[in-house]
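Here the structure comes first, spelled out in structure tokens, and everything after it is commentary.
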Protein chains: 2
Amino acid sequence: MSMANFENRYDIVIVGAGPAGLLLSLCLSRWGYKVRHIDNRPLPTATGRADGIQPRSIEIFRNLGIKRQLFVYQPARVYNVAFWYPSTDGKGIRRVGTWPTCPQFIDTRYPFTAIIHQGKVETVFLDEIKKSGTTVYRPWTIVRFHNTGEDSAYPLEVELKNLNTNVVETVRTKYLFSAEGARSSIREQLGIKIQQKSPITFVWSTKCTIRSNGGSIMIIPREENMVRLYVQIASSTDPDWNPRRSVTIPDVQRVAREILHPFKIEWDRVEWYSVYPIEQGIAEKYTLDHRVFLGGDACHIHSPKAGQGMNMAFHDALNFAWKVHLVESGFAKRPILASYEAERKEVAENLLGFDSRYATLFSNSHQPNEGATSTTVVADEENDFVKTFKSACEFTSGYGVLYKPNIFNWSPDHPAKSPLFSIPSVKLTPGRTLTPSTVTRISDANVVHLEQEIPVNGSFRIIIFAGMPSRTRKALEDFSANIKKNGSFLSKHLRDDLASMSYFERHNPHSKFFTICVIYASDKNSIDIKTIPRVLRDYHHHIYADDVPDIRVAQVKYAAHHKLGFNPENGGIVVARPDGHVGCCVQLVEGSATVDALNAYFGAFSTKPLQQNSPRCQL
Amino acid sequence: MSMANFENRYDIVIVGAGPAGLLLSLCLSRWGYKVRHIDNRPLPTATGRADGIQPRSIEIFRNLGIKRQLFVYQPARVYNVAFWYPSTDGKGIRRVGTWPTCPQFIDTRYPFTAIIHQGKVETVFLDEIKKSGTTVYRPWTIVRFHNTGEDSAYPLEVELKNLNTNVVETVRTKYLFSAEGARSSIREQLGIKIQQKSPITFVWSTKCTIRSNGGSIMIIPREENMVRLYVQIASSTDPDWNPRRSVTIPDVQRVAREILHPFKIEWDRVEWYSVYPIEQGIAEKYTLDHRVFLGGDACHIHSPKAGQGMNMAFHDALNFAWKVHLVESGFAKRPILASYEAERKEVAENLLGFDSRYATLFSNSHQPNEGATSTTVVADEENDFVKTFKSACEFTSGYGVLYKPNIFNWSPDHPAKSPLFSIPSVKLTPGRTLTPSTVTRISDANVVHLEQEIPVNGSFRIIIFAGMPSRTRKALEDFSANIKKNGSFLSKHLRDDLASMSYFERHNPHSKFFTICVIYASDKNSIDIKTIPRVLRDYHHHIYADDVPDIRVAQVKYAAHHKLGFNPENGGIVVARPDGHVGCCVQLVEGSATVDALNAYFGAFSTKPLQQNSPRCQL
């Protein structure tokens, strides 16, 4: 075996250019990593496959700066789900109710599922990946890989094959990521088993679900006036029965007609058609050696009807991207990579476990009354059905993801025991995403969406709700003085090129690992920039006024402080992880305690020890 | 002169592919007209030139379905203007206040000016024009034209020349539109004079205006961290002085430094630079024969600093497009074309007239107090300054356009004298644009922006605020019965292909000239589609529920009805012109009176007489 030369060394080899592979490739390419990305298909998905982008995934798209490119394709927007059941006379079907995709209790800017076929999603990613200098090689496949241990920097050796020429290329890499989909050859080579789960029986995130005496069907509106039908085909006990071979388009159409009776359906043309068994399962491990990882369908298989596969894949990739970045950039210790499997596998399990509870509950005997609305139903907080329905909506929308307390997610009772990690009024939960809020950016008076102000740049987000300037001035000065000390989380991880920083560096003027925002409980005209400590003023595009009214709290003066639960007298700090999930909340107090608490938080995984009370650093 | 063959016949020849020409070309191409479009530049604008898109123009872009394509370029957004004056000690400058581009009293979804260079705007239009089958020929120029009278259908003969090959082509056309810019050869050939106006002296719609003892300067933020400076260069009495030749980049930079003293400014690079005299003027006529028309800078020249040129051009073109469409499609009588000059020339004059009033008022003695805000100033309704300031904001934002009562704009005291044209509670003004409002579309539960629901399709918009279904059921039934009668505005202008209409025809199921919307004062779940008259149900994607809260009227139940001034008990109808300006408001009453009133309105310019009480038509 020849020693690979420098050109053949990569930070990561990504196999598969579906949702998981593409999102990971985009992040790591943008953050300067050398990515070898292959896919065994000659071209992106032409039609069909996954197509529902959940509200939270839309947020992620926007945070990646690619939402507008996607919406140019004018996806259909599913705001509501209609449920149909057999009519009481048994002769047809009747609509028993409609439910919002994202009811009012979920605070999101995108209370709908965007329906757009996977090929367009892939195209948007591919265009952006190209801009970052990474090429997706097609049609290429992975032949084999092993962790040779020969080269501690690039421990993996991977053989890749061009499927057109059959030429095999051997490369060395730090990481290998399988985004190959359900039939992952990497998973198979690792010998990781899929734990089968009972198939999904109920369905969310769709436009219209119909159960009739003839079977059940799901109808999803699509872009360009198309409609997708998921039609239940009766199974057979014949061991040789293979619906993928025997079920034809006319078969499916016939069943659809029966289910929809007495309504009629006709086809102008069939755009796409596929027969699949409903299977669900989760890989027992997402990695064995923290060098080769699985993501997306390679480690969890969902019923396509659940509309979860593509969205789960995005979350997997985003979760993995920033963690591998923190390790490879030298910020965090290698063991944090274990949190990828811990966090993402639990979400996959919760999702499947939840489905069966939901399905049982939503049986005919529990079906909603005719005319029931989400408003009337949700009003009854104590009802089991309501609780389950609410959870369903959270899963459907992508806001159900709650990562448990761990090294990144510090609840108020974290062992660090600092009382500053507890702010009783706060309405944020570590491990969940931030609530959206709208504020005015001081530098240019733009009205902006705070939760979107920091892009997916691999940095932690230090969001300082600064309260009223007159009340918190000393606390902010102390905060600034303390983060400038040599041992602080910020000072220990300064940029190498600090001296030559451009004024136009909006997000990372001091450190590539932190972006700081300051939001005052004040009218924008009352904020005097000159009184803001200089180290915070370096984040000139991240100083905001909380002066934009919010319809959800229409009577309140400082809507963002109020919605997130910060008292305008005291303020407080949210640390969000690079994926936007809350890491911890910390009180903003005078003295060094606030920065001490942040040092404790980041010190838990920083490669460099963070100490307080050191002399001032170069900031 | 050879007779032009069929290939050489066009509905319109458009000369110039700047803002006016492009918008007109897009509309007419989409509506099926045969457009010959030329421009004498080999390529679109590479950099510089106009760059401020006003709030109302952003609405128009969205209504044309091209806003998202433009915003992909991430224009800078100017929400605020800062004013600087000489400091009291005479040694420098101080900021005396900031003012919103679009203060709270203007209800718009886009309270900012979008800054993007003209080349990108042109590119967006060109892409869409191409999709509609029209090509812009470059570099081509117009040699001469005349109204031969030989061919009544195509009365104009135009000679066009390819500037690469010098080949001259003679074409025949129904209309010729000069969008050539200030140096319009067509205007010159027509002998139309420009009436000079005093140059603009005050400036709006900008980020930052600075007047110092060294002169004045205006600073506009741009995309990609660029900034544009408008620097005042002192004039000379020397008759041979030609600043376009003698003023260099270092000259301008030196003056800028002096004005900004004691602040400092440095240039990394100069992207674009131009010297121009401040000139203003309006063409005496916009047309002589209603066949050859002028639009945009060809008929009104503004100081570039006013940020009005490009926006005025869009409005001109939109105003002209639907009128020529109504005439050429056979809907309206030819004399309505006179309203193009009448409406647009008055706006141009108002704008220039207003400028001098504003400049006088905003002299140093009237300058706002330090710390004054739009809120404190606007609160004083009686103050002349406030009134003028408010008008300024309306002009700045593009919402100042108010077309006077005429054949299309019927105020309550229109000679038709029907009491139904008066709805005392209504807050809309004929000739102005609609107030934005958000509603739920029943067909798919999408939350939508009502004022954007009907695209720029050349149709009148019949917007029925239907009030509470239980109260207005009879009135709606009567309305539907009456528009189905043979003599109604709708029945007289049915589509030829009515029998083969697709279900997917969202906007024009009956007539290419009308799109109907129905908005109920009701929760979406309480609307029973089956009770809606069938003729209205044909507009299945235009049935809405007024059930979305609005922060401007947070306590109100039916926000859209309330904001536009319709009592939810009675409802009422707005007729909007194809450009979105209100034509008239009509009471929704039982019996035939409502349709009678609409017949009177449309009958004023319809080529076909509209009568009531005829037998039922084919609808």
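The values are calculated or read from the model by the stated rules, or taken from the named source; none is laboratory data. Bear in mind that the values here come from a model prediction, so they are computed numbers and not experimental data. All Cβ positions, even for glycine, are placed from backbone atoms using ideal geometry, and neighbour counts span all protein chains on display. Just the protein is used for accessible areas: all its heavy atoms, side chains included, with ligands, DNA and RNA removed. Shrake-Rupley method; radii C 1.70, N 1.55, O 1.52, S 1.80 Å.
Confirm whether residue B:30 is in contact with a Lys or Arg (Cβ under 7 Å, 6 or more places away or on another chain) and in contact (Cβ under 8 Å) with a residue 60 or more places away in the chain.
Values: in contact with a Lys or Arg (Cβ under 7 Å, 6 or more places away or on another chain): no; in contact (Cβ under 8 Å) with a residue 60 or more places away in the chain: yes.
So residue B:30 does not fit the description; no.
One line per residue, one yes/no per condition, for (1) modelled with pLDDT of 90 or more; (2) farther than 30 Å from residue A:151 by Cα; (3) in contact with a Cys (Cβ under 8 Å, 6 or more places away or on another chain):
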| position | (1), (2), (3) |
| --- | --- |
| A:13 | yes, no, no |
| A:20 | yes, no, no |
| A:24 | yes, no, no |
| A:32 | yes, no, no |
| A:41 | yes, yes, no |
| A:46 | no, yes, no |
| A:61 | yes, yes, no |
| A:77 | yes, yes, no |
| A:103 | no, yes, yes |
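In the list B:66, B:106, B:116, which residue meets the criterion of being of a type in the set (A, V, I, L, M, F, W, C) and in contact with a strand residue (DSSP E or B) (Cβ under 7 Å, 6 or more places away or on another chain)? Walk me through it before giving the result.
Numbers: B:66 fails: in contact with a strand residue (DSSP E or B) (Cβ under 7 Å, 6 or more places away or on another chain); B:106 fails: in contact with a strand residue (DSSP E or B) (Cβ under 7 Å, 6 or more places away or on another chain).
Going through B:66, B:106, B:116 in turn, the sole match is B:116.
Yes/no matrix, rows are residues, columns are (1) within 30 Å of residue A:413 (Cβ to Cβ); (2) over 27 Å from the mean Cα position of the chain (by Cα):
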site	(1), (2)
A:512	no, no
A:527	no, yes
A:531	no, yes
A:542	no, no
A:560	yes, no
A:570	yes, yes
A:573	yes, no
A:583	yes, no
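Specify which of the listed residues (A:89, A:51, A:39) is more than 14 Å from chain B (Cβ to nearest Cβ) and closer than 16 Å to residue A:126 by Cα. Show your work before the answer.
Numbers: A:89 fails: closer than 16 Å to residue A:126 by Cα; A:51 fails: closer than 16 Å to residue A:126 by Cα.
Every option except A:39 fails the conditions.
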Flag if residue B:611 is more than 14 Å from chain A (Cβ to nearest Cβ), within 31 Å of the chain's Cα centre (by Cα) and open to solvent by 40 Å² or more (accessible area, probe 1.4 Å): no
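Taking strands (runs of 3 or more DSSP E) that do not extend beyond the range B:1-114, which have at least 1 residues that are open to solvent by 10 Å² or more (accessible area, probe 1.4 Å) and assigned by TED's automatic domain parsing to the domain that holds residue B:330?
Once the strands (runs of 3 or more DSSP E) in the range B:1-114 are filtered for at least 1 residues that are open to solvent by 10 Å² or more (accessible area, probe 1.4 Å) and assigned by TED's automatic domain parsing to the domain that holds residue B:330, what remains is B:9-15, B:35-38.
Only residues that are within 14 Å of chain B (Cβ to nearest Cβ), of a type in the set (A, V, I, L, M) and in a loop (DSSP other than H, G, I, E, B): list them for the range A:418-444, please. It would help to see each step written out before you state the result.
So the first thing to find is which residues in the range A:418-444 are within 14 Å of chain B (Cβ to nearest Cβ), and the list is A:437-444.
Remaining after also requiring of a type in the set (A, V, I, L, M): A:439, A:442.
Listed by number, the list holds a single entry, A:442.
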Please determine, by comparing only the residues of the range B:398-439 that are surrounded by fewer than 15 Cβ atoms within 10 Å (Cβ to Cβ) and basic (Lys, Arg), which one is farthest from the chain's Cα centre (by Cα). B:417
So in the range B:128-153, with the set limited to residues that are in a loop (DSSP other than H, G, I, E, B) and either closer than 17 Å to residue B:24 by Cα or modelled with pLDDT of 95 or more (or both), which one is most open to solvent (accessible area, probe 1.4 Å)? B:135
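Could you please let me know if residue B:123 is more than 12 Å from chain A (Cβ to nearest Cβ), among the β-branched types (Val, Ile, Thr) and part of a loop (DSSP other than H, G, I, E, B)?
Working: more than 12 Å from chain A (Cβ to nearest Cβ): yes; among the β-branched types (Val, Ile, Thr): yes; part of a loop (DSSP other than H, G, I, E, B): no.
No, not satisfied.
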Any residue in the range B:335-354 that is under 17 Å from residue B:309 (Cβ atoms) and among the hydrophobic types (A, V, I, L, M, F, W, C) sitting within a Cβ distance under 6 Å of a residue that is modelled with pLDDT of 95 or more and buried (at least 18 other Cβ atoms within 10 Å of the Cβ)? List the pairs, counting only those 6 or more apart or interchain. none
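Quick check on the range A:54-86: of everything there that is within 18 Å of residue A:23 (Cα to Cα) and of a type in the set (Val, Ile, Thr), which residue is nearest to the other protein chains (Cβ to nearest Cβ)? Step through it out loud before you land on a result.
Within the range A:54-86, the subset within 18 Å of residue A:23 (Cα to Cα) is A:54-71.
Filter once more, so that each one left must be of a type in the set (Val, Ile, Thr): A:58, A:60, A:66.
Values: A:58: 14, A:60: 18, A:66: 10 Å.
Selected residue: A:66.
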Hey, does the range A:12-24 have a residue that's touching a residue at least 40 places away in the same chain (Cβ under 8 Å) and within 14 Å of chain B (Cβ to nearest Cβ)? no
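Could we say that residue A:546 is open to solvent by 30 Å² or more (accessible area, probe 1.4 Å) and at pLDDT 95 or above here? Working first, answer last.
Working: open to solvent by 30 Å² or more (accessible area, probe 1.4 Å): no; at pLDDT 95 or above: yes.
So residue A:546 fails the test.
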Residues located in the range A:445-488, provided they are within 14 Å of chain B (Cβ to nearest Cβ), in a loop (DSSP other than H, G, I, E, B) and open to solvent by less than 20 Å² (accessible area, probe 1.4 Å): A:445, A:446
Which listed residue, of A:395, A:389, is part of a helix (DSSP H, G or I), more than 14 Å from chain B (Cβ to nearest Cβ), out of contact with any Cys (no Cβ under 7 Å at 6 or more places or on another chain) and open to solvent by less than 30 Å² (accessible area, probe 1.4 Å): A:389
Among residues of the range B:154-167 being in contact with an Asp or Glu (Cβ under 8 Å, 6 or more places away or on another chain) and under 20 Å from residue B:43 (Cα atoms), the residue surrounded by the most Cβ atoms within 10 Å (Cβ to Cβ) is B:160
Number of the exception - residue B:224 against (1) within 14 Å of chain A (Cβ to nearest Cβ); (2) modelled with pLDDT under 80; (3) in a loop (DSSP other than H, G, I, E, B): (3)
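Determine if the range A:80-90 includes at least one residue that is of a type outside the set (Asp, Glu) and modelled with pLDDT of 85 or more.
Quick first cut of the range A:80-90, residues of a type outside the set (Asp, Glu) only: A:80-88, A:90.
Now drop any that are not modelled with pLDDT of 85 or more, which leaves A:80.
Looking for residues that are of a type outside the set (Asp, Glu) and modelled with pLDDT of 85 or more, one finds at least one in the range A:80-90, hence yes.
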Just a yes or no: is a residue in the range B:519-526 at pLDDT 95 or above, open to solvent by 20 Å² or more (accessible area, probe 1.4 Å) and under 27 Å from residue A:224 (Cβ atoms)? no
Among the numbered criteria (1) more than 22 Å from the chain's Cα centre (by Cα); (2) free of Cβ contacts under 8 Å to residues at least 40 places away in the same chain, which one does residue A:77 miss? (1)
On the given criteria, is residue A:512 assigned by TED's automatic domain parsing to the domain that holds residue A:573 and closer than 23 Å to residue A:455 by Cβ? yes
Of all strands (runs of 3 or more DSSP E) completely enclosed by the range B:227-338, which ones contain at least 1 residues that are more than 29 Å from residue B:406 (Cβ to Cβ), among the aliphatic types (A, V, I, L, M) and at pLDDT below 95? B:227-231
Looking only at the range A:549-588, how many residues end up being hydrophobic (A, V, I, L, M, F, W, C), in contact with a His (Cβ under 8 Å, 6 or more places away or on another chain) and either open to solvent by 10 Å² or more (accessible area, probe 1.4 Å) or within 14 Å of chain B (Cβ to nearest Cβ) (or both)? 2
